[in-house]
Amino acid sequence: MASKKVYLDHAATTPLDERVLESMLPYFHREFGNPSSIHSWGQNAEAAVERARATLAEVLGAAPDEIVLTSCGTESDNLALRGVARAERQRRGAQHLLTTPVEHPAVLRTAQQLAELEGFELELLPVDEYGRVDPEALEQRLRPNTALVSAIYANNEIGSINAIADLARICRSRGVPLHTDAVQAASQLEMRVADLGVDLLSIGAHKFYGPKGIGALYVRQGTPIAPIQTGGGQENGLRAGTLNVPLIVGMAEALRQTAERRPETNAHFERLRDRIIETVLRHVPEARLTGHPTLRLPNHASFVFRSVDGNALLAALDQAGFACSSGSACKAGHPEPSEVLTALGIPPSWALGSLRVTVGRSTTDEDIDAFLEALPAIVPRLREAGRHAA
Ligand SMILES: *Cc1c(COP(=O)(O)O)cnc(C)c1O
């Protein structure tokens with residue numbers, strides 16, 4: 001039994017960094033102005049927002065007016081899909097949407113609703129056994145009336161990284177905008193939009209040690225996009241609503257630090273991740289890695305175990321002091337196999353026993369020693385209990 005609680009669910013959310021918290025505090029009380037106001041309170045708040053926007057733009061290699069501040073990664077995905085789909089239909093009659101079956105629900109459900117309620121034609125790109133899109137498959141499916149392509153940068157559930165720059169080159173040559181959901185990628189991967197070649201990119205601060213309830217959407221200059229939240233003219237008319245100054249300041253500080261510390265944190269993550277993958281595959285019978293073996297997030301290990309109840313596994317691990325996940329946190333409590341794992345062709349008898357282990361800045365070798373001691377004992381015990389229950 002572990003004496004200390006060990007958090008291994010950094011893909012679900014990360015703790016707020018201490019310095020990020022400090023950067024936010026003045027804007028909760030002393031500097032409370034509305035950035036839209038003309039007076040000095042407003043000007044101080046506006047200056048803080050514009051400093052934050054400049055920092056975000058610098059890390060992404062974008063212009064400040066290409067950054068739209070939103071309330072979370074989910075909203076950024078919604079704005080990208082709905083906003084571009086509607087604008088492209090209005091502009092050139094484009095009705096066809098292309099995305100992948102392994103997107104976060106923020107993308108997939110939005111695309112499905114655009115099809116169901118607004119008559120867009122939704123097509124899902126095939127993915128390989130690791131959940132990656134083949135650029136050739138994209139090339140074949142792009143049409144003159146494709147309004148938007150959306151492909152996840154790094155998968156939250158299985159960690160696989162898409163070849164976004166290759167997908168972007170194809171979209172660019174055909175004049176179709178490409179959005180990428182980089183919410184999970186932002187804490188670890190290259191984020192410069194010129195290198196990625198994307199037209200739209202979503203981030204959410206709580207996945208990179210920033211506060212919850214704040215996100216951003218990069219929108220390349222000239223990309224057709226209509227607002228989905230209308231009102232006052234904030235964010236160049238693209239996202240109405242009084243700006244959440246402290247959270248915006250915190251998001252910028254968090255992204256700045258993340259980019260600065262990336263080489264060092266990634267080396268730490270990879271070492272721990274590789275220990276987890278090697279040991280689990282060696283010491284747990286009937287275990288498989290999900291997602292790509294090498295083209296995966298540095299902090300991300302994910303598995304399926306045959307004939308194990310994934311929720312029972314999470315409960316047993318929690319009792320032993322380890323917080324993990326079975327995939328996307330939004331799906332916890334549902335007994336159906338994950339749609340992402342099903343899209344990879346993993347049969348339900350395996351997919352129901354999924355486990356995601358994601359390490360963070362403060363995860364230590366001792367934490368991983370304890371975890372790798374506990375897990376190989378828990379899995380056979382649950383299999384045995386499942387056999388008796390059946
Ligand atoms: C967490 C996550 C989201 C949702 O972001 P929120 O800021 O929590 O709304 C979207 N996409 C991916 C890939 C994620 O990991």
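Rounded to the nearest 500, what is the 222 nm mean residue ellipticity of the chain from helices alone, with -39500 (n - 2.57) per DSSP H run of 4+ residues and division by all residues?
-14000 deg cm²/dmol
When the chain is treated as a GNM, springs tying every alpha-carbon pair under 10 Å, which of Gly197, Gly215, Gly73 comes out with the largest mean-square fluctuation?
Judging by the Gaussian network model, the answer is Gly197.
How many angstrom separate the Cα center of the stretch 1-78 from the Cα center of the stretch 244-259?
Measuring centre to centre over Cα atoms gives 4 Å.
If amide hydrogens are placed 1.01 Å from N in the peptide plane, which non-local residues have theirs closer than 5 Å to the one on Ser150?
Amide H neighbours of Ser150, under 5 Å, 5+ apart: Leu98, Thr99, His179.
Report, as a whole number in µm² per second, the diffusion coefficient that Stokes-Einstein gives for the chain at 10 °C and 1.306 mPa s using the Kirkwood radius over alpha carbon pairs.
Stokes-Einstein gives a translational diffusion coefficient of 73 µm²/s.
For the stretch 74-226, list log₁₀ I(q)/I(0) at each q in 0.21 Å⁻¹, using the Debye formula over Cα point scatterers of equal strength and ignoring solvent, two decimals each.
-1.45
Fully extended, how many nm does the chain gain between Phe32 and Thr342 (0.36 nm per residue separation, minus their Cα-Cα distance)?
106.8 nm
Relative contact order for the stretch 189-332: what percent, with Cα pairs under 8 Å and sequence separation of 6 or more?
Over the stretch 189-332, the number comes to 13 percent.
Spin-label point model (7 Å from Cα, Cβ direction): what's the Arg381 to Thr242 distance in nm?
A separation of 5.2 nm, rounded to one decimal place.
Stretch Ala137-Ala389 to full length: gain in nm at 0.36 nm per residue minus the Cα-Cα span?
Result: 86.3 nm gained on full extension.
Take every Cα pair under 8 Å in the chain that's 6+ residues apart, average their separations, divide by the length, and report that relative contact order as a whole percent.
So the answer I get is 22 percent.
List the residues, sorted by chain then number, that are 5 or more residues from Gly159 or on another chain and whose placed amide H is less than 5 Å from its amide H.
For Gly159, whose amide H was placed from the backbone, there are no distant partners under 5 Å.
Along the principal axes of its C-alpha atoms, what lengths does the stretch 250-390 span, in descending order and rounded to whole Å?
Over the stretch 250-390, Cα extents along the principal axes are 52, 31, 27 Å.
Convert each backbone phi in the stretch 82-90 into a coupling constant with the Karplus relation 6.51 cos²θ - 1.76 cosθ + 1.60 (shift: θ = phi - 60°), then list the ³J(HN,Hα) values in order as whole Hz, x for Gly and Pro.
For the stretch 82-90, the Karplus curve yields 5, x, 6, 4, 5, 5, 6, 5, 4 Hz.
For the stretch 170-195 and the stretch 87-122, write down the distance between their C-alpha centroids in whole Å.
One Cα centre to the other: 18 Å.
Whenever you get a sec, compute what percent of the accessible area on the stretch 118-258 sits on carbon and sulfur atoms (1.4 Å probe).
Of all accessible area on the stretch 118-258, carbon and sulfur atoms account for 47 percent.
According to a simple spin-label model (label point 7 Å from Cα along Cα-to-Cβ), what is the distance in nm between Arg282 and Ala165?
Result: 3.4 nm between the two label points.
Order 364-374, 105-115 from most to least packed using the mean count of other Cβ atoms within 10 Å.
105-115, 364-374
What number comes out for accessible area per residue over the chain if the probe is 1.4 Å? Units Å², please.
For the chain, the per-residue accessible area is 42 Å².
Simple spin-label model, 7 Å along Cα-to-Cβ: Glu121 to Ser362 in nm?
Those two pseudo-labels are separated by 5.2 nm.
Evaluate the relative contact order of the stretch 65-218 (contact order divided by residue number), counting alpha-carbon pairs under 8 angstrom at least 6 apart; express in whole percent.
Contact order relative to length: 29 percent.
With θ set to phi - 60°, apply the Karplus curve 6.51 cos²θ - 1.76 cosθ + 1.60 along the stretch 260-276 and write out the HN-Hα couplings as whole Hz, x wherever there is a Gly or Pro.
Karplus-based 3J(HN,Hα) across the stretch 260-276 equals 5, 8, 4, x, 5, 5, 5, 5, 4, 4, 4, 5, 5, 4, 5, 4, 4 Hz.
Report the residue, chosen from Phe269, Phe32, Phe305, that carries the largest GNM mean-square fluctuation when the chain is represented by alpha-carbon nodes joined by springs under 10 Å.
Judging by the Gaussian network model, the answer is Phe32.
Take the alpha carbon atoms of the stretch 1-120, find their radius of gyration, then divide it by 2.2 N^0.38 Å using N residues; give the quotient.
Its radius of gyration relative to the 2.2 N^0.38 Å reference: 1.46.
How much FRET efficiency would the formula 1/(1 + (r/R0)^6) give for Lys212 and Glu129, where r is the Cβ-Cβ distance and R0 is 22 Å, rounded to 0.05?
After rounding, the FRET efficiency stands at 0.05.
Per the 1.4 Å probe, what fraction of the accessible area of the stretch 289-390, in percent, lies on carbon and sulfur atoms?
Within the stretch 289-390, the accessible surface is 57 percent carbon and sulfur.
R0 = 22 Å: FRET efficiency of Ala54 with Gln221, Cβ-based, nearest 0.05?
For R0 = 22 Å, the calculated efficiency reads 0.85.
The values are calculated or read from the model by the stated rules, or taken from the named source; none is laboratory data. All of these numbers come straight from a predicted model, not from anything done at the bench. Please note: Cβ atoms are built from the backbone with ideal geometry, for glycine as well, and neighbour counts cover all protein chains shown. Just so you know, the surface numbers come from the protein's heavy atoms only, side chains and all, with ligands and any DNA or RNA stripped out. Shrake-Rupley method; radii C 1.70, N 1.55, O 1.52, S 1.80 Å.
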